[in-house]
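The values are calculated or read from the model by the stated rules, or taken from the named source; none is laboratory data. Just so we're clear, the structure is a prediction, and the values are computed from it rather than from any experiment. Ideal geometry is used to build each Cβ from the backbone, glycine not excepted, and the neighbour counts take in all protein chains shown. Heavy atoms of the whole protein, side chains included, go into the accessibility calculation; ligands, DNA and RNA do not. Shrake-Rupley method; radii C 1.70, N 1.55, O 1.52, S 1.80 Å.
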Amino acid sequence: MRISARADYAVRAALQLAASPDGGPVKAEAIADAQDIPHKFLESILNDMRRGGLVLSRRGGNGGYRLARPAESVSIADVIRVVDGPLVSVRGVRPPELSYTGPAESLLPLWIALRSNVREILDGVSLADVAGARLPAEVSALSDAPGAWTNP
């Protein structure tokens with residue numbers, strides 16, 4: 001599974017908004033600077049997030065972006081889906097729409113299981129969890145597993 005630059009930047013921008021001390025609007029420039037995200041690319045991402053109902057925007061001197069819902073109610077998966085679409089696809093197709101034959105037939109349940117695990121993790125972690133450095137125990141256990149940080 002790959003996390004696109006767009007999804008990575010969107011999650012980081014959402015976390016920056018979640019960490020805003022008063023929940024007030026944060027200017028795109030401030031988010032871009034804090035997270036080292038190209039400003040123009042971030043503007044496009046923030047517009048997608050606004051259209052997707054994750055952020056609200058306000059123009060003017062006191063304007064900027066803020067989360068549309070409390071950070072506790074926005075999952076990492078919500079952010080990724082808004083900017084990149086489905087969490088898991090095979091050749092751009094959602095797994096239930098695929099079919100295989102012969103020795104490849106059992107690939108479909110494998111892709112479905114993969115999607116299920118990705119959903120369980122990304123739907124189960126909120127912006128507030130990450131911004132507050134409070135990952136769920138199950139996620140921490142996975143990242144603490146032997147070999148989790150090494151590339152085969």
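Values computed for the structure shown
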read-out	value
Dipole-positive endmost among LEU135, ILE37, GLY24 within the stretch 5-152 (Cβ charges, Cα centre)	GLY24
In Å, descending, principal axis extents of the Cα set of the stretch 14-81	27, 25, 20
Extension gain (nm, one decimal) between VAL88 and ALA133, 0.36 nm per residue minus Cα-Cα	13.6 nm
Calculated diffusion of the chain, Stokes-Einstein form, Kirkwood radius summed over Cα pairs, 4 °C and 1.567 mPa s, µm²/s	76
Nitroxide proxy distance, nm - points 7 Å out along Cα→Cβ at THR101 and ASP8	4.1
Loop sites in the stretch 36-114: GluC sites (Glu not before Pro), DSSP, at most 14 other Cβ within 10 Å	GLU105
Carbon + sulfur, % of accessible area of the chain - ligands and nucleic acids excluded, 1.4 Å	53
Principal axes of the stretch 10-52: Cα extent on each, largest first, Å	25, 23, 15
